[in-house]
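Novice: Quick one: the structure is below, and I'll ask about it shortly.
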Amino acid sequence: MIGFSTFILRNYYAAIGWNEDNLYSSITRSSSALLDFQVPQSLILQLANAPTPIFFTSYALDALPQLNGSISYITTSEPLQEIGPSRTIRFKDVVERFRVFPPPKRPIAKDEVWLGGRRVEGRDYMLYSRLHLPSLHLSGLATTRLAPTLQAHLAFLSQPAPPSPTRPTSPNTPPSHSRQPSEPAPSAPPPPPPGNVLISLQHDTGRYSGEYTYSAQDGMFGLRGLYNFGWQPEPRYQLHTPKLRSEEGRSGGRDGKRIDEEEMMEGGLKGRFSAGGEVYFSAKQRSFGISTGLRFTTLPPVLPHSPNSPAPSPPTTLTLLYNPLIGFLSSAYSAQVSPTVALSTRFGFNVYSYESDLAIGGEWWIGRRRGKRELHSTPSTVPPVAETGSKTAKRDGPEERIAQTDDWSKATLRSIDGDAIENERLEKELDSPSPITTSKVEIKQISRASQPPSRVEPSQDVSEAVDERDGVLKARLSGNWSIALLYEARIRKCLVSVGIISDLASRQRPIRSVGVEVQYFS
């Protein structure tokens, strides 16, 4: 189960339109969710509260082996409406799972807000702080967007100095003779570093991304980059109507062939390649490192499927990493073999020492479907409609009005006087002294008012919400015969994680650790 702060950060990226997966540090994210999942090591209780859509609090308690706790505060510039109670929150968003991300998009600028002839929309930001008890360690994170494609991060860790082990003695206290004068005084352990500051600058254009980091503790500079081959920006306007696109699909285009017939291979995986690397140098340790990586990811299927198109490729991700300094080579293959099962394998090999390692893992979504549970428990809230002569008169709403017409080019959600109402609303906003928000989505809707509306495709989120399950079982087997099992589920109003790590090669201690984590969001 991911932490509450990580959950808030991912929702913040989604709210501002930032690509979460388009980084070199996330190149192995799909396989790490199945092979490197964290198992709770003790009894952990976490409570979170969202009093407003832009302010959040979290309290954590770790009971074993010693009592520790923490208090966290988070605030964002964008209201996060998706943050809700743990009883109704989307379960797949709070667990690390296998996922194939769509192609990255170029981040767009924030919507303009004008007041008195000046732009007052402000800048996107997120502030996070956490106080650890009883050690009084303070950690935090601050992130803001400097430009539509540029983002800055500042992370810090501050820890107080440990108390002095020696107590001051009074002048009347006689000297101690337990140690001879010739014996050297015992050397005190070196004090821990007071803290660390990490500065990161991310530049993302969709086609490529760069990350520049600096760590003040060891004076380390880092540079990471990732390039996506075959990346294409999204078209701003739809040049063809759905009717023309369907006719071209049936006729095979202008030349009687499909547009992608020459590039398409029947039975193969269709996806995109990404290549990247990193270089880092430590000024204090006088050392540097380098690594390169390659990733292949299948493209998500486009709905609805054409009858003449081949079957979509199963969600698959292949990664290859190589470190030339230490000669380490790692390859991973992850795929979703069924709607509820995903498997992954990883093989590591050292070209210098000929040592190797193999890891196998997977996840299995179990439990009753949430959509079916709500269907049986929640009664229908649709008010009865008076009986009329037509059977279709009972249906009322945008979906039913669209379903009654056979021609999708004539179906619309706008009323007959929609343009007049829109113009009247804009005139009132221009005369009003309140701030006017000019959204790019509204500009596109106004510009497309005169064009034929496009076909409304079925939403994938709706189908996933119906088929969402409230439990997942993960398993991992390493080359040293270490087995890890993790069960995550929603039980009543809480999110529960139960895990165990076992070592089959050890007869004295076959069970390494057992842990339970309970989270509750309100």
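The values are calculated or read from the model by the stated rules, or taken from the named source; none is laboratory data. Values in this document were obtained by computation on a predicted structure and should not be read as measured data. Here Cβ is always computed from backbone atoms with ideal geometry, including for glycine, and neighbour counts include all displayed protein chains. Quick note on the areas: whole protein, heavy atoms, side chains included, nothing else; ligands and nucleic acids left out. Shrake-Rupley method; radii C 1.70, N 1.55, O 1.52, S 1.80 Å.
Novice: Probe radius 1.4 Å, ligands and nucleic acids left out: which of K270, K92, K105 has the largest accessible area, and how do the rest follow?
Specialist: K105, K270, K92
Novice: Under a point spin-label approximation (7 Å from Cα along Cα-to-Cβ), what is the R90-L473 distance to one decimal in nm?
Specialist: For R90 paired with L473, the spin-label model returns 2.6 nm.
Novice: With a cut-off of 8 Å between alpha carbons and a minimum separation of six or more residues, what is the relative contact order of region 1-109 in percent?
Specialist: Relative contact order for region 1-109 comes out at 33 percent.
Novice: Report, in listed order, any pair from K92/K493; K110/K270; K105/K270 with a Cα-Cα distance greater than 25 Å.
Specialist: K110/K270
Novice: Given a 1.4 Å probe, how much area per residue of region 1-114 is accessible, in Å²?
Specialist: 45 Å²
Novice: What's the extension gain from K105 to T292 if we count 0.36 nm per residue and subtract their Cα-Cα distance? Mind dumping the intermediate values first?
Specialist: Numbers: separation 187, 0.36 × 187 = 67.32 nm, distance 2.33 nm.
Gain on stretching K105 to T292: 65.0 nm.
Novice: Not counting ligands, DNA or RNA, and with a 1.4 Å probe, what is F273's accessible surface area in Å² rounded to the nearest 10?
Specialist: Answer for F273: close to 100 Å² accessible.
Novice: Here's a follow-up. Could you rank V514, V496 by how accessible they are, 1.4 Å probe, largest area first?
Specialist: Final ranking, largest accessible area leading: V514, V496.
Novice: Between L45 and E20, how high is the FRET efficiency from 1/(1 + (r/R0)^6) when r is the Cβ-Cβ distance and R₀ = 41 Å? Nearest 0.05.
Specialist: E(calc), rounded to 0.05, equals 0.90.
Novice: For an R0 of 35 angstrom, estimate the FRET efficiency from the Cβ-Cβ distance between I2 and V113 and round to the nearest 0.05.
Specialist: After rounding to 0.05, the efficiency reads 0.60.
Novice: Give me the accessible area of I491, 1.4 Å probe, in Å² rounded to the nearest 10.
Specialist: Counting only protein heavy atoms, I491 exposes about 90 Å² to solvent.
Novice: Here is a follow-up. How much length is gained if the chain between V351 and W364 is pulled fully straight, taking 0.36 nm per residue apart and subtracting their Cα-Cα distance, in nm to one decimal?
Specialist: Here the segment from V351 to W364 would lengthen by 1.2 nm.
Novice: Now for a different question. For region 202-237, list residues with backbone N below 15 Å from a point placed 7 Å from the Cα of T144 toward its Cβ?
Specialist: Correct set: 202.
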